[in-house]
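Structure record follows, encoded as structure tokens.
Readers should treat all values here as calculations from the given coordinates under stated rules, not as data from a laboratory. Fair warning: this is a prediction, and the values are worked out from it, not measured in the lab. Backbone-built Cβ (ideal geometry, glycine too); neighbour counts: all protein chains shown.
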Amino acid sequence: MKTDQIVKDEEKFREILDKGKLTRDGPSEIELKKIENETALMQMKITEAENIRARYKNMITALKGENYRKEIKITEMTKV
């Protein structure tokens, strides 16, 4: 029974080898390139999200500063 499982596992491994997804030493060059491309795309999306977050953070900071300046103006006008 164990030999049947070993034979099935070997057949599955050969199928994977034939599809070019794996070599005896590990992932094939094609799979590695695909993984690298997916990783680069993910990193670009993360960078884009960080840039959007920073932009909104800067806008909020600017709006808070503008509101603060308006409050000072109103306070100065009411003192008179």
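Search the structure for amide H atoms under 5 Å from the amide H of SER28, placed 1.01 Å from N in the peptide plane, and list their residues when 5 or more places away or on another chain.
LEU22, THR23
With a sphere of radius 15 Å drawn around the Cβ of TYR56, what net charge do the other residues whose Cβ falls strictly inside it have (Lys, Arg +1; Asp, Glu -1)? Don't jump to the answer; show the numbers that get you there.
On the way: positive: ARG53, ARG55, LYS57, LYS64; negative: GLU48, GLU50.
It works out to a net charge of +2.
Determine the gain in length on full extension of the stretch LYS45-ARG69; use 0.36 nm per residue of separation and subtract their C-alpha separation, reporting nm with one decimal.
Working: separation 24, 0.36 × 24 = 8.64 nm, distance 3.62 nm.
Contour length minus Cα-Cα distance gives 5.0 nm.
Could you give the dipole magnitude of segment 20-79 about its Cα centre, charging the beta-carbon of Lys and Arg +1 and that of Asp and Glu -1, in debye to the nearest 20? Could you put the intermediate results ahead of the total?
Details: 13 positive and 10 negative charges, 93 e Å.
Charge dipole of segment 20-79: 440 debye, to the nearest 20.
No solvent, one uniform scatterer per C-alpha: report log10 I(q)/I(0) for segment 20-79 via the Debye equation at q = 0.12 1/Å, two decimals.
With no solvent term, the Cα-only Debye profile gives -0.56.
Taking 0.36 nm per intervening residue step and subtracting the Cα-Cα distance, what contour gain separates ASP9 from MET77 on full extension? Let's see the in-between values first.
On the way: separation 68, 0.36 × 68 = 24.48 nm, distance 8.37 nm.
Extending this stretch completely gives an extra 16.1 nm.
Karplus couplings for segment 56-62 from phi (6.51 cos²θ - 1.76 cosθ + 1.60, θ = phi - 60°), rounded to Hz, Gly and Pro as x?
Taking θ as phi minus 60°, the curve returns 5, 4, 5, 5, 4, 4, 5 Hz for segment 56-62.
Given R₀ = 35 Å, FRET efficiency for LYS57-GLU36 by Cβ-Cβ distance, to 0.05? Before the final figure, lay out each step's value.
Values: r = 31 Å, r/R0 = 0.89.
For LYS57 and GLU36, the calculated efficiency is 0.65.
Looking at GLN43, ALA62, ILE74, which one has the Cα that reaches farthest to the positive end of the dipole of segment 20-79 (charges on Cβ: Lys, Arg +1; Asp, Glu -1)?
Among GLN43, ALA62, ILE74, the one farthest towards the positive end of the dipole of segment 20-79 is ILE74.
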